[in-house]
Amino acid sequence: MSSLRNAVKRITHKERSQPQSRQHLGILEKKKDYVLRAKDYHRKEDKIKSMRSKASNKNPDEFYFNMHKSQMDVEKGKHKQSQEAKWEERLSLVGADAVKVMKSQDLSYVRMMRQKDLKSVEKMKSNLHFIGHFDDIHDDDDDETDDEKKKKKK
């Protein structure tokens, strides 16, 4: 019998659409949409409730030294480290001696690249010194001046 019950075509449930008179209000919210919206609302509500309880339990005398090293990001409404604090953190991770070595290496790299570029410029200049010479030779081949050329054209 169970095989006959499965053979019969069942009618699928269809949710109704938005009535014509209420089309200007937008798409009709279905149950699954409502459930998602309600869960999101309650999740946010619980988060706000927990934040309020944490704020009420906060010790007003609580102090951290990092409070001096942070600044408020007005656009995002969050605290962020100041540039000085970031620099101190990097310095503590790497060490002062290592920073000095890196700076000297950076300086020597810049000097090396400068010398390399200067040599390439000198090389290009040495290759280009014949260009002016060829122009002079070409001008010497023309015995006629510009005035003489104009006279011939007339």
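The values are calculated or read from the model by the stated rules, or taken from the named source; none is laboratory data. In this text the structure is predicted, and so the values were computed from the model without any measurement. Because the Cβ atoms are built from the backbone with ideal geometry, glycine has one as well, and the counts that use them run over all protein chains shown.
Laid out as a table, the results:
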| item | result |
| --- | --- |
| Residue count for segment 48-93, restricted to those that are more than 30 Å from the chain's Cα centre (by Cα) and part of a helix (DSSP H, G or I) | 11 |
| Residue list for segment 73-101, filter: hydrophobic (A, V, I, L, M, F, W, C) and surrounded by 10 or more Cβ atoms within 10 Å (Cβ to Cβ) | 85, 87, 91, 94, 98, 99, 101 |
| For residue 67: the one exception among (1) modelled with pLDDT of 80 or more; (2) surrounded by fewer than 10 Cβ atoms within 10 Å (Cβ to Cβ) | (1) |
